[in-house]
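Here the structure comes first, spelled out in structure tokens, and everything after it is commentary.
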Amino acid sequence: MTAIHARRREGVAALLSAREADAILVSRAVNVRYLTGLVSSNAAVLVRADATAVLATDSRYAETARAVCEGVEVVEERDVAAALVSRASRVAVEAHHMPVADYFRLGEGLLRTTGLVESVRTVKDETEIDLLRTACAITDQAFADVLPMLRPGLTEREIARVLEARMAELGADKPAFDTIVAGGPNGSVPHHSPADRPLERGDLVTMDFGAMYAGYHADMTRTVAIGEPASWQRELYDLVRAAQRAGRHAVRPGAATHEVDAAARDVITEAGYGGHFGHGLGHGVGLEIHEEPFLFPVTPEPRREHGRLDDRVPVTVEPGVYLQGRGGVRIEDTLVTREDGPELLTRTTKELLVL
Ligand code: ZN
Ligand code: ZN
């Protein structure tokens, strides 16, 4: 792993001269992990323009840091930011993370950057894609194992618990995020928290969950039918499935993020359900469950900038249609952009499963 972390630090160092910085003080824990391998709640790393690095952490993590962070000078200090800012002259900080109080306390002349390490993190190396592949395989297997247990009477909360327990047994660090289980009418709430409602025959049940493995987050959603579905349920499912397929096929290096969103959204809009698909099509995954790039439509006042997908970028494609009082359908996969077509990481069937 050491060579990989050194290469990542070189990627960050290469961006510093354009910002007229001699070094960047990286304080976001997820970015420290990305650049050094150290998992810590109190660490920061200073990466200089020549790609040398100093890491500061307190006594709880210092021993691990010396073992893990090869090629990085380690200093033991509780005030990690203060310990590092004096070690270069023009130091950039992560303005999207550093507390305002720290920014003023650490003295004048700090440069502000936003999302610099995150921009390097967007394109994954094959080591990261391997870890994500494992996270997704655990997710697929947990779903397959839990599926035979789904029956009327089981509550949303019980389903969430068994999914999460199964992922842990299969080697997950923990759930990648709070598991969503939404049965029957609850399916119209995209991020419904599992409650005590028991499954009933005639329900569509949406399960959105994933495993975290070695820090990498899988994300998958499947909607299944408890008992023979009504015709409107099957039609809704087929529509979302067609939209999801169109979205997946639009995922390729060079594609504009809003065009990928549109490929799926147009299918839903043309069927008359455009007003029932309120969220973006998907998001990047990696060391965070939601990270760049975000796939969302063009709006009159863009909140974020639209970009283009690169090669080796994991994203989710997750269209849904939500009908208040009736229920909903969402289908989500995690996939990776590849020059010769996207690599599907979550491989559970998208046929409508009737249980
Ligand atoms: Zn999800
Ligand atoms: Zn997602």
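Give segment 220-248 a look and list any residue that's over 20 Å from Ile180 (Cβ atoms), within 16 Å of ligand 1 (Cβ to nearest atom) and either in contact with a His (Cβ under 8 Å, 6 or more places away or on another chain) or aliphatic (A, V, I, L, M) (or both), or say none.
none
Of the residues that sit in segment 138-160 and are of a type in the set (S, T, N, Q) and over 22 Å from Arg197 (Cα atoms), which one is surrounded by the fewest Cβ atoms within 10 Å (Cβ to Cβ)?
Going residue by residue through segment 138-160, those that are of a type in the set (S, T, N, Q) are 139, 141, 155.
Applying the additional criterion that residues be over 22 Å from Arg197 (Cα atoms) yields 139, 141.
On the way: Thr139: 31, Gln141: 17.
The extreme case among them is Gln141.
Quick check: is even one residue across segment 296-312 touching a helix residue (DSSP H, G or I) at 6+ places or on another chain (Cβ under 9 Å), closer than 21 Å to Pro190 by Cα and modelled with pLDDT of 95 or more?
No: segment 296-312 contains no residue that is touching a helix residue (DSSP H, G or I) at 6+ places or on another chain (Cβ under 9 Å), closer than 21 Å to Pro190 by Cα and modelled with pLDDT of 95 or more.
What do you reckon, is Ile24 more than 20 Å from the chain's Cα centre (by Cα) and under 21 Å from Arg112 (Cα atoms)?
yes
Within segment 38-52, work out how many residues are within 20 Å of Ile289 (Cβ to Cβ) and of a type outside the set (S, T, N, Q).
1
For residues that are over 17 Å from the mean Cα position of the chain (by Cα), surrounded by fewer than 21 Cβ atoms within 10 Å (Cβ to Cβ) and touching a residue at least 24 places away in the same chain (Cβ under 8 Å), tally how many sit in segment 321-355.
Number satisfying all stated conditions: 14.
Looking at (1) crowded, with 18+ Cβ neighbours inside 10 Å; (2) at pLDDT 95 or above, find the lone condition where Ser59 falls short.
(1)
Report yes if some residue within segment 114-122 is exposed (fewer than 14 other Cβ atoms within 10 Å of the Cβ), of a type outside the set (Lys, Arg) and touching a Ser or Thr at 6+ places or on another chain (Cβ under 9 Å); otherwise report no.
There is no residue in segment 114-122 that is exposed (fewer than 14 other Cβ atoms within 10 Å of the Cβ), of a type outside the set (Lys, Arg) and touching a Ser or Thr at 6+ places or on another chain (Cβ under 9 Å).
Taking segment 1-21 only, how many residues are closer than 15 Å to Gly115 by Cβ and either surrounded by fewer than 16 Cβ atoms within 10 Å (Cβ to Cβ) or modelled with pLDDT under 95 (or both)?
2
If a residue must be within 16 Å of ligand 1 (Cβ to nearest atom), touching a helix residue (DSSP H, G or I) at 6+ places or on another chain (Cβ under 9 Å), touching a residue at least 24 places away in the same chain (Cβ under 8 Å) and not hydrophobic (A, V, I, L, M, F, W, C), how many such residues does segment 262-283 contain?
1
With under 27 Å from Glu292 (Cβ atoms) and more than 16 Å from ligand 1 (Cβ to nearest atom) as the only criterion, which of Ala255, Ala195 stands out?
Checking each option against the conditions leaves just Ala255.
For residues in segment 226-238 being among the aliphatic types (A, V, I, L, M) and buried (at least 20 other Cβ atoms within 10 Å of the Cβ), which is farthest from ligand 2 (Cβ to nearest atom)? I'd like the intermediate steps shown before the answer.
At the first step, the residues of segment 226-238 found to be among the aliphatic types (A, V, I, L, M) are 226, 230, 236.
Narrowing the set further to residues that are buried (at least 20 other Cβ atoms within 10 Å of the Cβ) leaves 226, 236.
Values: Ile226: 23, Leu236: 20 Å.
So, considering only residues that are among the aliphatic types (A, V, I, L, M) and buried (at least 20 other Cβ atoms within 10 Å of the Cβ), the one farthest from ligand 2 (Cβ to nearest atom) is Ile226.
Starting from segment 211-233, keep only residues that are farther than 14 Å from Ile331 by Cβ and among the β-branched types (Val, Ile, Thr), then list their pairs with residues that are more than 16 Å from ligand 2 (Cβ to nearest atom) and part of a strand (DSSP E or B) whose Cβ atoms are within a distance under 8 Å, requiring at least 6 positions of separation or different chains.
Taking only residues 6 or more apart or on different chains, the pairs are Ile226/Gly183; Ile226/Leu204; Ile226/Val205.
Within the set of pairs 6+ apart or on separate chains, which have a first residue in segment 163-179 that is under 18 Å from Met149 (Cα atoms), a second that is among the acidic types (Asp, Glu), and C-beta atoms under 7 Å apart?
Listed by first residue and then by second, the contacts come to Arg166/Asp145; Thr179/Glu164.
Would segment 201-219 turn up any residue that is under 18 Å from the mean Cα position of the chain (by Cα), more than 16 Å from ligand 2 (Cβ to nearest atom), under 29 Å from Phe294 (Cβ atoms) and among the aromatic types (Phe, Trp, Tyr)?
yes
Among residues belonging to segment 284-307 that are surrounded by fewer than 15 Cβ atoms within 10 Å (Cβ to Cβ) and among the charged types (D, E, K, R), point out the one that is nearest to ligand 2 (Cβ to nearest atom).
Per the criteria, the residue is Arg304.
The values are calculated or read from the model by the stated rules, or taken from the named source; none is laboratory data. This structure is a prediction, so every number in the text was calculated from the model and none was measured. Note that we place each Cβ from the backbone using ideal geometry, even for glycine, and neighbour counts take in every protein chain shown.
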